[in-house]
Amino acid sequence: MMSDSVNTFRTSSCELPAEDREITTHNARLATRDVAYDALVLDGRLRQSLTTVRSLGSRGLRVAVMETSDSSGVPAFSSRWCQQRFVCPANEGTEAYFTYLEQLLDRTDARVLITSSDATIALIRRHREQLERRVRIALAKEPALSTAINKEQMLAIARQLGVAVPRTVTVGAASDVGAALHEIGLPAVVKPVESWGWNGQQGSRIVPQLVVTPDEARRAVEDLTRFGGTVLFQEFLSGRRESLSLFSASGEVYARFAFWGKRTYPLLGGIYVLRQAIAFPLDTGEQAERLVREIGLEGYAQVEFRRDGAGKPYLMEINPRLNMAIAHAVSAGVDFPYLLYRWASGEQIDRVKSYRTGGWMRHLNGDIRATAAAVRQRGRPGVPPPARAIRDFCLSFFTPMKYDYVDWVDPLPAWKATKGFLTHHLGRLQGRRRTV
Ligand SMILES: Nc1ncnc2c1ncn2[C@@H]1O[C@H](COP(=O)(O)OP(=O)(O)O)[C@@H](O)[C@H]1O
Ligand SMILES: [Mg+2]
């Protein structure tokens, strides 16, 4: 049954690479056995999906994973706890993806759906009611979810609650930049109201941009408003970045975790490539809980702050979805994916009272890129001088720390991720040599 629908779907959409065909065959065997899964994890390529598979699988739950391609290696597919891999031939976030997902849910009878990319969350929000007839969705409810995603709304609520936010003006076109520069000054940060844009056919992730000259400011605004809409023009804050993770249900916080991000890639607005678990900060901790309670956000949420040069914290945004922060939290003793699974299943959840602080975690691939970017972008605000960037990068090898993907009990995903990284970079090098 499964093999028929998956195969028909595939052949009508695209020509399959060899390894995908193998997975389809694998699925065919599943169909005849009619297995039910405790959880179906979407976005298998993401690190948070791997953490989720490991967390649920090691507790004896049956986990299946879905992704749109296996060609560059999907770490979660190789986890010893991934019971089944599904490769959807349609692009992430499209209606064809949704059709495939519905068919999959009908045939696998998964209990909880766990999703974490902007694209799949946007798709699920569009079809939520229909999906909820088939599966429990491990995601906050509307309207709290849409409020949290929208930075303009979130910043307005924060202001009302007395939570500091960066000085911000909303800009609709390059012609407004003069007034914004007058109000905010330079350097400044230009960022979209929502980081995920969808034009009806496809979506894209838009990252904040640092601008240091009026010309850069104009170009950034032109770039971010080319599909319409408005962008936020903010003062640049140069201090410490803090990420606070909370798990809330019925107005109560069940678990907390925090880290500070020492390095990010891209250098502004990127993922945290080197981070350290810290005690839950009193000031930002209280503010984060106030915000989450005010909007009625349930489940997992990451609240991001950045401090100014004097140490005063300002709200950046709230991410109401699983993200890379959870790997660090799990290693420090806060199992967010499991809490999320229990909550979505309607089961009782236990409070997590404490966690281990001080532990470092690193995304090596990202840290290599961050160091190279620091050399390229020397002299820009917040970028360390090249010699210091290289020294700090090397010194980090002498600090005991965990590395993203690495788990000696489940070694294959780290190998897959490394292979994917090397294939990508060697391919680019070869391509460059050929064009020389
Ligand atoms: N005004 C700002 N000043 C300094 N850094 C900023 C500013 N805005 C964003 N950043 C940096 O960029 C990161 C990403 O910005 P954020 O607002 O969270 O957007 P995104 O949706 O892209 O994650 C922040 O966590 C922060 O480190
Ligand atoms: Mg962010």
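Figures for the structure shown
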| item | result |
| --- | --- |
| Residue list for the range 318-333, filter: within 13 Å of ligand 1 (Cβ to nearest atom) and in a helix (DSSP H, G or I) | Ala325 |
| Number of the exception - Arg133 against (1) more than 16 Å from ligand 1 (Cβ to nearest atom); (2) open to solvent by 60 Å² or more (accessible area, probe 1.4 Å); (3) in contact (Cβ under 8 Å) with a residue 24 or more places away in the chain; (4) closer than 27 Å to Gln48 by Cα | (3) |
| Leading residue by the ranking (surrounded by the fewest Cβ atoms within 10 Å (Cβ to Cβ)) among those in the range 349-383 that are small (Gly, Ala, Ser) and more than 22 Å from Pro400 (Cα to Cα) | Gly379 |
| Residue count, the range 156-172 (criterion: touching a residue at least 12 places away in the same chain (Cβ under 8 Å), part of a helix (DSSP H, G or I) and among the basic types (Lys, Arg)) | 0 |
| Test: Thr168 is at pLDDT 95 or above, within 9 Å of ligand 1 (Cβ to nearest atom) and not basic (Lys, Arg) | yes |
| Search result, residues across the range 187-221 that are away from ligand 1 (no atom under 12 Å from the Cβ) and over 26 Å from the mean Cα position of the chain (by Cα) | Val212, Thr213, Pro214, Asp215, Glu216, Ala217, Arg218, Arg219 |
| Test for Leu282: is it more than 16 Å from ligand 1 (Cβ to nearest atom), free of Cβ contacts under 8 Å to residues at least 12 places away in the same chain and either over 30 Å from Arg388 (Cβ atoms) or not aliphatic (A, V, I, L, M) (or both) | yes |
| Qualifying residue in the range 270-285 (condition: over 24 Å from Arg362 (Cβ atoms), under 18 Å from the mean Cα position of the chain (by Cα) and either among the aliphatic types (A, V, I, L, M) or not assigned by TED's automatic domain parsing to the domain that holds Val190 (or both)) | no |
| Given (1) more than 15 Å from ligand 2 (Cβ to nearest atom); (2) surrounded by 24 or more Cβ atoms within 10 Å (Cβ to Cβ), number of the condition Gly346 does not satisfy | (2) |
| Any hit, the range 321-328, residues being at pLDDT 95 or above and more than 16 Å from ligand 2 (Cβ to nearest atom) | yes |
| Candidate set from the range 296-317 (those that are more than 13 Å from Val163 (Cα to Cα), crowded, with 20+ Cβ neighbours inside 10 Å and among the hydrophobic types (A, V, I, L, M, F, W, C)); member that is farthest from ligand 1 (Cβ to nearest atom) | Leu297 |
| So Phe397, is it of a type outside the set (Val, Ile, Thr) and open to solvent by 50 Å² or more (accessible area, probe 1.4 Å) | yes |
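Residue by residue, here is whether (1) of a type in the set (Phe, Trp, Tyr); (2) closer than 22 Å to Gln302 by Cα; (3) outside the structural domain of Phe77 (by TED's automatic domain parsing) holds:
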residue: Ser345; (1), (2), (3): no, yes, yes
residue: Thr357; (1), (2), (3): no, yes, yes
residue: Met361; (1), (2), (3): no, yes, yes
residue: Arg369; (1), (2), (3): no, no, yes
residue: Phe393; (1), (2), (3): yes, no, yes
residue: Thr399; (1), (2), (3): no, no, yes
residue: Pro413; (1), (2), (3): no, no, yes
residue: His425; (1), (2), (3): no, no, yes
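The values are calculated or read from the model by the stated rules, or taken from the named source; none is laboratory data. A quick note: this is a predicted structure, and the numbers were derived from the prediction, not measured. Methodologically, a virtual Cβ is constructed for each residue, glycine included, from the backbone with ideal geometry; neighbour enumeration extends over all protein chains shown. When the accessible area is computed, the model is the full protein with side chains, heavy atoms only, and any ligands, DNA or RNA have been set aside. Shrake-Rupley method; radii C 1.70, N 1.55, O 1.52, S 1.80 Å.
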